[in-house]
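A.B. asks: One structure, pasted below without further comment.
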Amino acid sequence: MSDVVLGVDLGTSAVKVSAVDRQGKIIAQEAYDYPLSQPKPGYSEQNPEEWVNGTTVAIVRLILNDGLSADQIKGISFSGQMHGLVLLNAENKVVRPAILWNDTRTTAQTKEIAEVMGQEFIDITRNKALEGFTLPKILWVKENEPELFAQATTFVTPKDYVRYRMTGNLQMEISDAAGTVAMDVAKRTWSKEIQEKFGLAADFFPEIIEATDFAGNVSSAYAEFSGLQADTQVFGGAADNAAGAVGSAILKPNMVMSSIGTSGVVLKYEDNADVDYAGKIHFFNHAIPGKFYSMGVTLAAGYALSWFKKTFASDMDFTDMVESAAKSTVGANGLIFTPYLVGERTPYADGDIRASFIGIDGTHQRYDFVRAVLEGIIYSFKDIFDIYDAAGADFDTVVAIGGGAKSPLWLQIQADIFNKKVVSLKNEQGPGMGAAILAAVGLGWFDSVQEAANTFTEFGKAYLPDPERAAKYAQMHEIYKQVYGQTAELSHQLLDYRREF
Ligand SMILES: Nc1ncnc2c1ncn2[C@@H]1O[C@H](COP(=O)(O)OP(=O)(O)O)[C@@H](O)[C@H]1O
Ligand SMILES: O=C(CO)[C@@H](O)[C@H](O)COP(=O)(O)O
């Protein structure tokens with residue numbers, strides 16, 4: 001029986017665990033869905049216990065249903081939804097539900113951070129303090145739930161919590177630590193300035209480890225719970241976008257990743273920390289030791305399509321619904337959708353903006369709306385491309401990953417709107433494969449993340465832009481770009497109205 005590593009992809013909608021052999025072949029995969037709790041406008045929470053249970057169920061299924069034997073599993077690593085705040089007490093017990101990356105309750109705290117530190121904050125963290133990041137969430141709990149905050153002695157991000165439950169060792173891996181915006185990114189340490197300015201004790205921040213670092217063996221308690229062997233080695237893992245970039249072999253500055261998961265991401269590999277996007281897009285430490293990446297984020301990408309399906313097409317199969325968009329036209333017969341269902345991050349850092357359909361006509365059919373949703377999500381990615389273009393970044397290939405990359409029609413829409421070649425992966429599980437690569441490197445199967453990524457990653461079909469469609473989309477994108485400015489004030493008033501009740 002061949003040796004395998006497990007790549008645990010802890011997403012927002014589900015955890016997916018892939019067993020991958022030394023050649024990079026996926027032997028088996030199991031997934032487990034969990035719910036999202038949105039108790040108030042702008043709130044988004046999950047119970048960390050769901051992540052631990054879901055991961056364990058998927059591992060148990062790999063062993064019981066897929067015939068994997070525990071002694072085959074040599075190493076485990078992770079890809080995790082970023083920025084979520086898991087507060088822990090002195091016994092490392094969870095103090096309150098995790099506050100997730102797409103929770104935007106923290107507008108006041110982001111303003112406070114900007115007022116207290118101004119440009120110094122961007123110089124240190126290389127990012128603006130946006131609602132989704134972890135530091136504003138810590139300050140929100142400190143200010144709004146002081147009795148809970150008093151119990152908290154430390155914190156971690158989602159996949160670091162699951163890894164802690166597997167090994168009993170508490171650490172934070174560097175690409176996720178960067179996403180807290182409490183790190184000095186260039187120096188690769190927690191920022192003392194931030195700790196002092198916001199009254200947070202140095203020992204509140206856990207030890208930082210690299211993505212390929214050994215984090216511990218599976219503990220005997222977790223071995224009993226999961227069926228794994230207690231000597232199985234566990235490695236740091238990475239933020240899902242860093243892991244996705246590794247799993248899709250985005251290893252050179254001429255390539256970008258486009259990911260449609262619950263969120264949407266356009267990510268670029270950066271060789272060093274010299275490049276300066278002035279906080280317009282995120283800039284974090286990579287899973288590749290010593291390297292960096294930049295990215296822009298659409299908060300609701302796959303989420304917007306899933307919301308549309310649940311609300312207006314619950315009678316249809318998901319793939320059939322997506323394919324029905326082929327009955328519409330380029331530009332959805334003149335219908336535009338902006339995907340700001342839970343606020344937006346890039347290019348508009350606005351937690352209170354909400355989505356719109358613009359141009360609804362009596363002749364529009366449901367398939368026009370589906371097409372408008374598919375296109376609107378990609379127009380929002382194009383906004384991120386425009387920031388890269390303005391900064392002079394040069395790239396020619398886009399690698400598409402995530403659940404959204406399952407659809408050939410949507411991949412072609414990406415190629416036409418970006419006006420660039422879009423390449424899919426043989427298996428769209430970029431982050432899960434990235435996690436497996438990090439375990440394989442940690443185990444010493446490969447000398448570097450780059451070598452493992454080149455071995456494990458297999459590109460699939462390439463989608464080329466059609467000049468005529470690209471020109472029409474360029475015209476539609478010009479209209480799309482005006483929607484934010486012309487609807488922001490209305491959106492804000494409507495959200496205020498909702499908050500009254
Ligand atoms: N057949 C499909 N075609 C296009 N998009 C799909 C399809 N199935 C799922 N999706 C999209 O993929 C998203 C989930 O992607 P995934 O990468 O699994 O997300 P996450 O890692 O955030 O849990 C869903 O929100 C959905 O919109
Ligand atoms: O907040 C971000 C990136 O900054 C998100 O990309 C999360 O990391 C969640 O990812 P998915 O669940 O969509 O993969």
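A.B. asks: Starting from the Cα of D33, step 7 Å along the direction of its Cβ; do the same at L495; then give the gap between the two resulting points in nm.
C.D. replies: 2.8
A.B. asks: Among DSSP beta bridges lying fully in the chain, give the percent that are antiparallel, nearest 5. Show your work: numbers first, answer last.
C.D. replies: On the way: 50 of 73 bridges.
Rounded to the nearest five, the antiparallel share is 70 percent.
A.B. asks: For a label point 7 angstrom out from the Cα of T153 toward its Cβ, which stretches of segment 74-92 have the backbone nitrogen within less than 19 Å?
C.D. replies: In segment 74-92, the label zone of T153 (backbone N under 19 Å from the point 7 Å along Cα→Cβ) covers 86-92.
A.B. asks: Additional query: Estimate the FRET efficiency between D276 and K406 by the formula 1/(1 + (r/R0)^6), using the beta-carbon distance for r and 45 Å for R0, to the nearest 0.05.
C.D. replies: Values: r = 36 Å, r/R0 = 0.80.
Using R0 = 45 Å, I get an efficiency of 0.80.
A.B. asks: Related question: Amide H of M172 versus every other amide H placed in the peptide plane: which residues, excluding those fewer than 5 positions away on the same chain, fall under 5 Å?
C.D. replies: Amide H neighbours of M172: E207, I208, I209.
A.B. asks: As a footprinting exposure proxy, order H364, H83 by other Cβ within 10 Å, with the fewest listed first. Don't skip to the answer; put the middle values down first.
C.D. replies: Working: H364 18, H83 26.
So the residues, fewest neighbours to most, are H364, H83.
A.B. asks: Let me ask you something else. Along Cα→Cβ, 7 Å out, is where each label goes; now give me the distance between the ones at F214 and L64 in nm to one decimal.
C.D. replies: 3.2
A.B. asks: Counting helices only, and only those DSSP H runs with n ≥ 4, report the 222 nm mean residue ellipticity of the chain as the sum of -39,500 (n - 2.57) divided by its residues, in deg cm²/dmol to the nearest 500. Intermediate results must be reported in sequence, preceding the final value.
C.D. replies: On the way: 17 runs with 196 residues, N = 501.
Taking each H run of at least 4 residues, the total per residue is -12000 deg cm²/dmol.
A.B. asks: While we're here: Which semi-axis lengths, in whole Å and largest first, follow from the square roots of five times the eigenvalues of the Cα gyration tensor of segment 293-439? Let's see the in-between values first.
C.D. replies: On the way: eigenvalues 124, 73, 49 Å².
So the equivalent ellipsoid measures 25, 19, 16 Å along its semi-axes.
A.B. asks: Let me ask something else about it. State the antiparallel share, in %, of DSSP beta bridges confined to segment 2-77, rounding to the nearest 5.
C.D. replies: On the way: 15 of 19 bridges.
The antiparallel proportion sits near 80 percent.
A.B. asks: Something else: Would you mind calculating the relative contact order of the chain from Cα pairs under 8 angstrom and at least 6 residues apart, reporting the percent as a whole number?
C.D. replies: Relative contact order of the chain: 16 percent.
A.B. asks: Out of residues 5 or more away from A238 or on other chains, whose amide H comes under 5 Å of its own, with H placed 1.01 Å from N in the peptide plane?
C.D. replies: Hits under the 5 Å cutoff: F78, S79, G80.
A.B. asks: Given a cut-off of 18 Å, name the pairs among K142/K197; K197/K280; K16/K406 whose C-alpha atoms lie farther apart than that in the structure shown.
C.D. replies: Details: K142/K197 14 Å; K197/K280 23 Å; K16/K406 16 Å.
Result: K197/K280 exceed 18 Å.
A.B. asks: Say R0 is 41 Å: what FRET efficiency, to the nearest 0.05, do N419 and Q23 get from their beta-carbon distance? Could the numbers behind the result be given before it?
C.D. replies: On the way: r = 36 Å, r/R0 = 0.87.
Step by step, r from the Cβ atoms, then E = 0.70.
A.B. asks: Let me ask something else. Write down the Å³ per residue value for the convex hull defined by the alpha carbon atoms of segment 1-125. Don't skip to the end; give the middle numbers.
C.D. replies: Values: hull volume 19.2 nm³, N = 125.
Expressed per residue, the convex hull around the Cα atoms of segment 1-125 is 153 Å³.
A.B. asks: Continuing with this model, one more query. Using the Karplus equation 6.51 cos²θ - 1.76 cosθ + 1.60 (θ = phi - 60°), what ³J(HN,Hα) coupling, rounded to whole Hz, does each residue of segment 233-242 give in order, writing x for Gly and Pro?
C.D. replies: Couplings: 8, 10, 10, x, x, 8, 4, 4, 6, 5 Hz.
A.B. asks: Could you work out Rg/(2.2 N^0.38 Å) for segment 4-236, with Rg from alpha carbons only? Mind showing how you got there, number by number?
C.D. replies: Values: Rg = 18.1 Å, N = 233, 2.2 N^0.38 = 17.5 Å.
Normalised Rg, Cα atoms only: 1.03.
A.B. asks: Loop-only trypsin sites (Lys or Arg not before Pro) in segment 1-86, please: DSSP not H, G, I, E or B, and at most 15 other Cβ atoms within 10 Å.
C.D. replies: On the way: sites: K16, R22, K25, R61, K74; in loops: R22, K25.
Listed in order of number, the matching sites are K25.
A.B. asks: Place a label point 7 angstrom from the Cα of A390 along the Cα-to-Cβ direction, then list the residues of segment 100-132 whose backbone nitrogen is under 20 Å away.
C.D. replies: Only 119, 122-123, 126-131 fall inside the zone, counting backbone N under 20 Å.
A.B. asks: Something else: Taking R0 as 25 Å, what FRET efficiency do you get between N144 and N53 from their Cβ-Cβ distance, rounded to the nearest 0.05? Display every interim value, and only then the final one.
C.D. replies: Details: r = 28 Å, r/R0 = 1.13.
After rounding to 0.05, the efficiency reads 0.35.
A.B. asks: Go through segment 82-191 and name the trypsin sites (Lys or Arg not before Pro) that are in a DSSP coil and have 12 or fewer other Cβ atoms within 10 Å of their Cβ.
C.D. replies: Working: sites: K93, R105, K111, R126, K128, K137, K142, K159, R163, R165, K187, R188; in loops: K93, R105, R126, K128, K187, R188.
Sites meeting the loop and neighbour criteria: K93, K187.
A.B. asks: Residue-wise, which Karplus ³J(HN,Hα) couplings in Hz belong to segment 433-440, taking 6.51 cos²θ - 1.76 cosθ + 1.60, θ = phi - 60°, and x for glycine or proline?
C.D. replies: So the Karplus estimates, Gly and Pro as x, are 5, x, 4, 5, 4, 5, 5, 5 Hz.
A.B. asks: How do E193, E45, E428 line up, fewest other C-beta atoms within 10 Å first?
C.D. replies: E193, E45, E428
A.B. asks: Ordered by residue, what ³J(HN,Hα) values in Hz, to whole numbers, does segment 54-66 give under the Karplus form 6.51 cos²θ - 1.76 cosθ + 1.60, where θ = phi - 60° and Gly and Pro are x?
C.D. replies: Karplus-based 3J(HN,Hα) across segment 54-66 equals x, 4, 5, 4, 4, 5, 4, 5, 4, 6, 7, 8, 9 Hz.
A.B. asks: Quote the Stokes-Einstein diffusion coefficient, in whole µm² s⁻¹, for the chain, based on the Kirkwood radius over alpha carbon pairs, a temperature of 25 °C and a viscosity of 0.890 mPa s. Before the final figure, lay out each step's value.
C.D. replies: Working: Rh = 22.7 Å.
The diffusion coefficient I find is 108 µm²/s.
A.B. asks: For segment 151-215, what does the equivalent ellipsoid look like in terms of its semi-axes, each the square root of 5 times an eigenvalue of the Cα gyration tensor, given largest first in whole Å?
C.D. replies: Over the Cα atoms of segment 151-215, the semi-axes work out to 20, 15, 8 Å.
Bear in mind that the values in this text are calculations on the coordinates, not laboratory data. This structure is a prediction, so every number in the text was calculated from the model and none was measured. Neighbour counts run over all protein chains shown; Cβ positions are idealised from the backbone, glycine included.
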